[in-house]
1. Suppose we filter A:106, A:113 for residues that are touching a Cys at 6+ places or on another chain (Cβ under 6 Å), touching a residue at least 60 places away in the same chain (Cβ under 8 Å) and closer than 26 Å to residue A:15 by Cα; which single one remains?
2. Which residues, taken from region A:54-86, are surrounded by 15 or more Cβ atoms within 10 Å (Cβ to Cβ) and of a type in the set (Ser, Thr, Tyr)?
3. Looking only at region A:34-76, count every residue that is in contact (Cβ under 8 Å) with a residue 40 or more places away in the chain, under 18 Å from residue A:17 (Cα atoms) and not charged (D, E, K, R) and tell me the total.
4. State whether the residues of region A:25-37 include one that is more than 16 Å from DNA strand D (Cβ to nearest atom), among the hydrophobic types (A, V, I, L, M, F, W, C) and away from every other protein chain (no Cβ under 14 Å).
5. When you look at residue A:187, is it of a type in the set (A, V, I, L, M, F, W, C) and in contact with a Ser or Thr (Cβ under 7 Å, 6 or more places away or on another chain), yes or no?
6. Within 14 Å of chain A (Cβ to nearest Cβ), at pLDDT 95 or above, more than 30 Å from residue B:88 (Cα to Cα) and within 16 Å of DNA strand D (Cβ to nearest atom), is that true of residue B:22?
7. Give the residues of region B:179-190 that are away from every other protein chain (no Cβ under 11 Å) and either touching a residue at least 60 places away in the same chain (Cβ under 8 Å) or touching a Leu at 6+ places or on another chain (Cβ under 8 Å) (or both), sorted by residue number.
8. With (1) more than 15 Å from DNA strand D (Cβ to nearest atom); (2) within 14 Å of chain A (Cβ to nearest Cβ) as the list, and residue B:50 as the residue in question, which single condition is left unmet?
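The values are calculated or read from the model by the stated rules, or taken from the named source; none is laboratory data. Quantities reported herein were computed from a predicted structural model and do not represent experimental measurements. Cβ sites come from the backbone with ideal geometry, for glycine too, and all protein chains shown count toward neighbours.
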Number of protein chains: 2
Amino acid sequence: MVGSISTKDKILNTAIDLFSRSSFSAVSIRDITREVGIKESSLYYHFKNKDELLDCIFEIYREEIKKVCPPFEDLDYILTQTTPEQFLQQGLQKFKSYICDSPRMSKISRIVSSEQFSHPQARLIILNDLYEENIRFLEVVFAKFKDLGYIQDFPARLLAIEYQYPVFSMITQYLILQFEQQDTAELEKLLQEHVEFFFHKIKK
Amino acid sequence: MVGSISTKDKILNTAIDLFSRSSFSAVSIRDITREVGIKESSLYYHFKNKDELLDCIFEIYREEIKKVCPPFEDLDYILTQTTPEQFLQQGLQKFKSYICDSPRMSKISRIVSSEQFSHPQARLIILNDLYEENIRFLEVVFAKFKDLGYIQDFPARLLAIEYQYPVFSMITQYLILQFEQQDTAELEKLLQEHVEFFFHKIKK
DNA sequence: GTCTATAATGCGATAGAC
DNA sequence: GTCTATCGCATTATAGAC
């Protein structure tokens, strides 16, 4: 039925919510099914076991995080449409909003972070899908900025890292503040100032 | 007895080890006491309950992380002994070695990170003892650098954040690589390059 | 697709002997 | 300070009826 949410989705969304508010191992099947309004045994019709729930959640993260960077083939066109500073500013806003502004994605980000030392998959996601994918994309971007004569001559990978690593820390902090329902305005301002500071330092 | 390790310390060290390899809630009292070689009931002679173990671990982290920054009153003297770039380079090495090179402290850092959404204390530790304390210290450092005419005129807090936030991400990555027993040489080189890149951009 | 019933084990914690 | 014994309850997961 269009618009209605299947039991399977309800289970998954409830699991995401509960796991993100404590941890995978602290949440029981009973906790999840109580919230959904079904018996424990019914969950096993939809999911093989508790671990499969987490596997699904990790898979959602991997699928979603892929969407943050535009495909390389679109890059040249996009760069003709904006200034480099605008491009960076917009990219960062997009990155932040993908991870932090959707309640579902920010919950999943918390889960990945919490489970990084319990689940090898979570570590791979952080190292590869989050860190390396982003750095690789930005490396290409900064290489193009260099070719176009916008910026000074630094190794593109160093620029990518110096640009993106502060952002990872800001996101970490953002997820905690958001969880505590504290104000994030200062941090959002900081994100903008970061682009300004960074670009000002490397532009020609 | 001098040199011998008390049962209480053995319990605590075992808890640190096991919690850091999965998570607080995934490790049982039974797991810990089996490893120590005592019965479960004996643990309760030394610790009120399971939560008290975690409280002790968080307290150790707070005590240790305090030691990373030298006291403000020593700062002026230290700054006469080194160049600003040397000072930053040494400070970063100290920071990294405090957190990552002691097996105990790196385990505790992993625990704090894993429990950040399960335990409010862990969030406070990250936001206050780790982030804010460090930034506040560096803010003073960069303000002094400005007064001494070493660096260009940027807001000291912005400099502190731009300098330290990439380091937080590198430490995050370091803890994962270390846990996976992967090579960290590239990351250590990156830490040095970061100081060089950053200082080169802001020096007068 | 959801239910009842239940198995089999594990959990944190306590009482009281030595 | 460590032990044995035990309590009461929670846990994941399955079998089989409807």
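1. Details: A:113 fails: touching a Cys at 6+ places or on another chain (Cβ under 6 Å).
The match here is A:106.
2. The one that is surrounded by 15 or more Cβ atoms within 10 Å (Cβ to Cβ) and of a type in the set (Ser, Thr, Tyr): A:61.
3. 7
4. Within region A:25-37, not a single residue is more than 16 Å from DNA strand D (Cβ to nearest atom), among the hydrophobic types (A, V, I, L, M, F, W, C) and away from every other protein chain (no Cβ under 14 Å).
5. Working: of a type in the set (A, V, I, L, M, F, W, C): yes; in contact with a Ser or Thr (Cβ under 7 Å, 6 or more places away or on another chain): no.
No; evaluated as a whole, the condition is false for this residue.
6. Values: within 14 Å of chain A (Cβ to nearest Cβ): yes; at pLDDT 95 or above: yes; more than 30 Å from residue B:88 (Cα to Cα): yes; within 16 Å of DNA strand D (Cβ to nearest atom): yes.
The answer is yes for residue B:22.
7. Taking region B:179-190 and keeping what is away from every other protein chain (no Cβ under 11 Å), we get B:181, B:183-185, B:188.
B:183, B:184, B:188, listed by residue number.
8. Tallying (1) more than 15 Å from DNA strand D (Cβ to nearest atom); (2) within 14 Å of chain A (Cβ to nearest Cβ), residue B:50 fails exactly one: (1).
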